[in-house]
Amino acid sequence: MPISGPIDIPEHVRELLEPASQSMVVDRRGSTVWDVQTVSGRRLAVKIGYPTPTHAWTAVAPAREAVILRGLIPEEVRYGEWRGGTWSAQPWREGESLFDRWQSCRATSGSPDLDDALACAVALSDLHDAGWAHGDVQPNHLIIGPHGTALIDVALARGEGEIPEAYDFRYRGCLVHYEAPEISKAVLHEGTAVPSREADIYALGASFFLSATGRRHVDYPDDAERAVQRQAIVDRPHRPVNVPGPLGGLIEQMMTRNPADRPTSGEVCVELRRDG
């Protein structure tokens, strides 16, 4: 049954985590995220998943992400269930999103910082090397901070590692502003798709493009239905890549329509190191 957010941290989760303070970061698409400082001094991102009228899978997404994170990061990750869905607690990643980081670049039409781009590519390459495709690469999931760069929100990832059946769900695409043509086509025709490293590369290129220019990779109406937007991605070429500096040519390669022609995440890192 659909539930209306935002959702407060359930009492049994509060007793486990012992928050000294909390502030809501976001509530959308079936997930309420809290920035929590515990009495022991830990800073956590606490996610409460719940079903929406259009998406039941959002209720189990926090637990699915936590299962994946336990195999990827050394820090403690906790998760469990509440009456409306699942919850998780993971280390807070301090920093700015790639989109916020490149605000001045958009304002001045300047060249993007290649060190930032490399840090994002390394984060994606590390995930790929661990045997996973992210499935939802976007600027707000790339956090550049004083202690490194993190690729967050891996709830849609597919790859190595077992996911409990109770927490698994089919992949139905990601935010279309960064979706590769082959993913959009599969979702339109089959209702589902398979995340891939190649699609992640396209999404990273589209993330670089939008963060640097403020424009989506393909032109479609803001108010169009999701299916119309996906059809535009399938039918139309991406916008001309007018990003100045060496990153522009690399984005062009990353967003080529044929997945096999895109560079790997490791090759993107090599190219950025050479140009940086």
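Every number here is computed from the coordinates shown, using simple stated rules; none is lab data. Everything numeric here is computed off the predicted structure, so don't read it as measured data. Cβ placement follows ideal geometry from the backbone for every residue including glycine, while neighbour counts extend to all protein chains displayed.
Whole-Hz Karplus ³J(HN,Hα) for the stretch 26-33, in order, using 6.51 cos²θ - 1.76 cosθ + 1.60 and θ = phi - 60°, x for Gly and Pro?
7, 9, 6, 6, x, 9, 9, 10
From the P(r) of the stretch 169-276, can you give the percent of Cα pairs sitting at distances over 16 Å?
Result for the distance tail: 56 percent.
Compute the distribution of all C-alpha to C-alpha distances in the stretch 11-91, in bins of 10 Å from 0, and list the percent of pairs in each, rounded to whole numbers.
With 10 Å bins starting at 0, P(r) equals 20, 51, 27, 2.
Within the set of other residues whose C-beta is less than 12 Å from the C-beta of PRO62, count the net charge using Lys and Arg as +1 and Asp and Glu as -1. Don't skip to the end; give the middle numbers.
Working: positive: LYS47, ARG64, ARG78; negative: GLU65, GLU81, ASP153.
Surrounding charge for PRO62 is 0.
Could you give each residue of the stretch 159-173 its phi-based ³J(HN,Hα) in whole Hz, using Karplus coefficients 6.51, -1.76, 1.60 with θ = phi - 60°, and x for Gly or Pro?
Working through the residues one at a time gives x, 6, x, 7, 10, x, 4, 5, 10, 8, 7, 6, 8, 10, x Hz.
For the chain, find the longest principal axis of its Cα atoms and tell me its angle to the long axis of helix 181-190, 0 to 90°, nearest 10.
Around 60 degrees separate the two axes.
Taking only Cα atoms, what is the 0 to 90° angle, nearest 10, from helix 226-235's long axis to the longest principal axis of the chain?
Rounded to the nearest ten degrees, it is 30.
Residue by residue through the stretch 122-138, which ³J(HN,Hα) values in whole Hz follow from phi under the Karplus form 6.51 cos²θ - 1.76 cosθ + 1.60 (θ = phi - 60°), with glycine and proline marked x?
5, 4, 5, 4, 4, 5, 4, 5, 7, x, 10, 9, 5, x, 8, 5, 7
What's the FRET efficiency of HIS55 with GLU18 using the Cβ-Cβ distance as r and R₀ = 51 Å, to the nearest 0.05?
The computed FRET efficiency comes out at 0.95.
Could you pull out the longest piece of the chain with no exposed loop GluC sites (Glu not before Pro) in it, calling a site exposed if DSSP puts it outside H, G, I, E, B and it has at most 15 other Cβ atoms within 10 Å?
It runs 1-74.
Peptides 209-218, 143-152: what's the order by average Cβ count within 10 Å, highest mean first? Could you put the intermediate results ahead of the total?
Details: 209-218: 22.0, 143-152: 17.2.
Ranking, from highest mean packing down: 209-218, 143-152.
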